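What follows is a single structure, written as structure tokens, with notes after it.
The values are calculated or read from the model by the stated rules, or taken from the named source; none is laboratory data. Because the structure is a prediction, the values reported are computed rather than measured. Positions of Cβ are generated from backbone atoms using ideal geometry, with glycine treated the same way; all protein chains shown enter the neighbour counts. Protein only, heavy atoms only, side chains kept; ligands, DNA and RNA dropped before computing areas. Shrake-Rupley method; radii C 1.70, N 1.55, O 1.52, S 1.80 Å.
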Amino acid sequence: MKTSRLAYGLLALLVLAAPEMRAGVTLPKILADNMVLQRGQPVAIWGTAAEGDEVTVKFAGQEKHAQPGPDGRWQVALDPLKASATPQEMTITATNAAKPESNGETKLKNILVGEVWFCGGQSNMEYATITPSSGAPSAAASDPQLVQEIKTETYPQIRLFRVEKQTKIPQIATNGWTDCSGDALSQFSAIGFFFARNLQRELNVPVGMVGSYWGGSRLEQWIPPEAFTKQPAFAKEAAAPGPLRIDTRAVGDYYNSMIRDLAPFTLRGVLWYQGESNIIASNDGPHYADKMQALVDFWRGIWQEPQLPFYQVQLAPYLYTSRTTDYTADKKTQIVHTAEELPKLWEGQFLATRIPGVEIVPTTDLDSNFKNIHPDGKRVVGQRLANLALTKIYGKTTPAWQGPTFDKAEVNDGNFVVHFTNTGGKLSTRDDKTPALFEIAGADGVFKPATATISGDTVVLHSNEVKEPTVARLGWMETAQPNLVNKDGLPAYPFRSNGPDWHPTH
């Protein structure tokens, strides 16, 4: 009997996706040889076993016990661990006095303890270190130095866990935890790799990176319907008959097959680079913050960590108006994009920073090819994310990770004065010219270019065409690359002074 190539492919996928089934216990794929466990926090270890079993977990001098619930699931929490680059072994046993024939022992080997981070999103996060994927080139294509570095450097204290892209079966598919070398490194997220390398060098502890991402994905595809039904912003959609749809599109496509089985593996935080498809498909604008709230709340719940940090990457400038092949979900109506869609999505990303533990790093200075939705500069993005983590979580003094941020504005003698935070005590321009891309408007809402003068932590705006200014904005266009920078040379974030208040509530 002939077996089709498709059948062989499905069989291979099932093998990759199947949980670790050993005598006595069944473990999720992420609990495996070569893993990195999070230091300094209670560490979740879980799986399934037969009814009546007594499960014992031994690791690093600790011994924890659990009994499976009615669904067979069990979970223990290891006490906070100290960082260790010395490989250790974990033993998990299941014993049942009534059924001794089902007793079994599982040993997980070569385990390190350090820092564990998740990286997710769409193609700019998937953008690989060496091997191109999802229509995006690799980081090496624009960073020749990277190839030489990987040839000459080794990363024994970095481990990678990459989830395969698939939706055929409701479990994750993966090759497991791997060393940071060879094909595993070549195919892993470039941003994830650069982040891990910077973090490991600075902290000198093992770093584990978990990667699950898919080019072209919308945020809604990474969480199930119940994540939205709990959010007041989606009450209308939740009340509609039939399967939940957000902006007329299905949700949760990738949750069961690429996220669910990863939780509650203990993490330090999440790196998130996503949003392009939420412009292309639904022009989210500030509404993107509501979707981020749903994502953050739901993931914090399944990871059992109510303060889990989420670090976003600002979308890079791109000519969405040049796209002519985007259609509504029913494929009947072409979507015509405007130049304000990206600035409004930036606003949505910033509104999400009102959620405690959510931050954003800038990218408008990294690439001037506005026809490239996959900008260069992944090394810099990884560095900025690492600087953010090192500052916020690890208490390190690092280079800045954020640019000048709109704080407040006032009218003074016919001028519009804009106040900024995150200046480092100094505002300037990266090209030594006057600050560009500022506009002001009066009550009529018609914006005019404004001359801009730096004064301490403020920029004073004036236009002879606007006698009584009431509102200002910076970089309110899809190709915006503000030249205003802070002491560390990071670019100011685009803003509009009459937009929703994005000041953190925490």
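The stretch between D71 and A235, if pulled fully straight at 0.36 nm per residue, gains 55.9 nm over its current Cα-Cα span.
With the charge dipole of the chain set up from +1 on Lys and Arg Cβ and -1 on Asp and Glu Cβ about the Cα centre, the Cα lying farthest toward the positive end among the listed residues H337, G242, V57 is that of V57. Is the shape of segment 354-506 best called rounded, prolate or oblate, per the rule: a/c under 1.5 gives rounded, else a/b larger than b/c gives prolate, else oblate, with a ≥ b ≥ c the square roots of the Cα gyration tensor eigenvalues? Because a/c hits 1.5 or more and a/b exceeds b/c, segment 354-506 counts as prolate. Candidates G382, P469, A184 compared by Cα position along the dipole of the chain: farthest toward the positive end lies A184, with charges placed on Cβ.
Under a model in which nothing but the beta-carbon of Lys, Arg (+1) and Asp, Glu (-1) is charged, segment 368-503 shows a dipole of about 680 debye around its Cα centre.
Calculated accessible area for segment 368-424 comes out at 44 Å² per residue, all protein chains present (probe 1.4 Å; ligands, DNA, RNA ignored).
Label zone (E149, point 7 Å along Cα-to-C-beta; backbone nitrogen cut-off 12 Å) within segment 367-400: 377-384. Label-to-label distance, Q304 versus D431, with points set 7 angstrom from Cα along the beta-carbon direction: 5.4 nm.
Relative to one another, the C-alpha centroids of segment 460-506 and segment 244-276 are positioned 32 Å apart. Close Lys pairs in segment 19-119 (alpha-carbon distance under 23 Å; sequence gap of 8 or more, or different chains): 15. Packing around the peptides 374-382, 72-80, 391-399, 116-124, taken as the average count of other Cβ atoms within 10 Å per residue, puts them in this order, highest first: 116-124, 374-382, 72-80, 391-399.
Between the beta carbons of T397 and K99, assuming R0 = 60 Å, the FRET efficiency works out to 0.55 to the nearest 0.05. In the chain, a dipole from Cβ-located charges (positive for Lys and Arg, negative for Asp and Glu) runs towards its positive end, and of G425, Q171, G211 it is Q171 whose Cα lies farthest in that direction.
The gain in end-to-end length when the T167 to T453 segment is fully stretched comes to 97.6 nm, 0.36 nm per residue minus the alpha carbon separation. Taking a straight Cα-Cα cut-off under 14 Å and skipping sequence neighbours fewer than 8 places away in the same chain, the aspartates and glutamates within cross-link reach of K426 are D457, D488.
This model, with +1 at the C-beta of Lys and Arg and -1 at the C-beta of Asp and Glu, gives the chain a dipole about its Cα centre of some 780 debye.
What does the charge add up to near A139, with Lys and Arg as +1, Asp and Glu as -1, over the other residues with Cβ less than 13 Å from its Cβ? Walk me through the intermediate numbers first.
On the way: positive: R197, K378, R379; negative: E126, D143, E149, D367, D376.
After counting each charged neighbour, the total is -2.
Run the accessible area of segment 152-244 with a 1.4 Å probe and give the carbon-and-sulfur part as a rounded percent.
Details: 1720 of 3600 Å².
Solvent-exposed carbon and sulfur of segment 152-244 make up 48 percent of the total.
For K467 and R323, what does the FRET efficiency come to when R0 = 41 Å and r is the distance between their Cβ atoms, rounded to the nearest 0.05?
Numbers: r = 39 Å, r/R0 = 0.94.
Computed FRET efficiency for K467 and R323: 0.60.
Remark: segment 406-416, residue by residue, has Karplus-estimated 3J(HN,Hα) of 4, 10, 7, 9, 8, 9, 9, 6, x, 9, 10 Hz, where x stands for each Gly or Pro and the curve is 6.51 cos²θ - 1.76 cosθ + 1.60 at θ = phi - 60°. Normalised per residue, the accessible area of segment 191-341 is 36 Å², obtained with a 1.4 Å probe and no contribution from ligands, DNA or RNA. The residues packed around K291, meaning those with a beta-carbon under 10 Å from its beta-carbon, carry a net charge of -3 if Lys and Arg are +1 and Asp and Glu are -1.
The order of the peptides 306-313, 205-212, 276-283, 142-149 by mean Cβ neighbours within 10 Å, most packed first, is 205-212, 276-283, 306-313, 142-149.
Note on A443 and E410: the extension gain reaches 10.4 nm, defined as 0.36 nm multiplied by sequence separation minus the Cα-Cα distance.
For segment 319-351 versus segment 28-52, the inter-centroid distance based on Cα atoms is 41 Å. Counting only protein heavy atoms and a 1.4 Å probe, segment 138-189 has 46 square angstrom of accessible area per residue. Give, as a single signed number, the net charge of other residues whose beta carbon lies under 13 Å from the beta carbon of W214, with Lys and Arg counted +1 and Asp and Glu -1. Here the charged neighbours net out to -2.
Translational diffusion of the chain, estimated by Stokes-Einstein from the Kirkwood radius over alpha carbon pairs at 25 °C in a medium of 0.890 mPa s, is 100 µm² per second.
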